[in-house]
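A short worksheet on the structure shown next.
Each value in this text was obtained by applying a stated rule to the coordinates, not by laboratory testing. Bear in mind the structure is a predicted one, so any value in this text is a computation, not a measurement. Here Cβ is always computed from backbone atoms with ideal geometry, including for glycine, and neighbour counts include all displayed protein chains.
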């Protein structure tokens, strides 16, 4: 999302909403936005992601979800629910994923230049 902020959002947001996956997309967009916050080369992406995040906020679901593991054991689900980031909590996502776990994103500019 940082490298390609010009995704077809007008198609993607309704499609994710139709699949009841807007919270997943919202969480990933919010993670990308946070990564873009401190990096000047991603200013255009930051602005686009802010707009997308606001649009997804309007259709955010109340029910909790995981990024991909619906069969997550109850003990793991409970632990992650208490240990998750504020961003994951806001998007009702049961995950341990944080921006700190994505250190390669800071090197994205180098890969894009190649």
(request) Would you compute, from DSSP H runs of 4+ residues alone, the mean residue ellipticity of the chain at 222 nm, taking -39500 (n - 2.57) per run and dividing by the full residue count, rounded to the nearest 500? (result) -16000 deg cm²/dmol
(request) Using the Kirkwood radius over Cα pairs, work out the Stokes-Einstein diffusion coefficient for the chain at 10 °C and 1.306 mPa s, in µm²/s as a whole number. (result) 107
(message) Based only on other Cβ atoms within 10 Å, what is the fewest-to-most ordering of 31, 13?
(response) 13, 31
(request) Any chance you could give the angle, 0 to 90 degrees and rounded to 10, that helix 9-18 forms with the longest Cα principal axis of the chain? (result) 10
(request) Using only Cα atoms, tell me the angle between helix 22-37 and the longest principal axis of the chain; keep it within 0 to 90° and round to the nearest 10. (result) 40
(request) Consider a paramagnetic label point 7 Å from the Cα of residue 61 along Cα→Cβ; state which residues of the range 2-31 have an amide N under 11 Å from it. (result) 16-25
(message) With a 10 Å cut-off between alpha carbons and a GNM built on the chain, which of 34, 53, 15 moves the most?
(response) 15
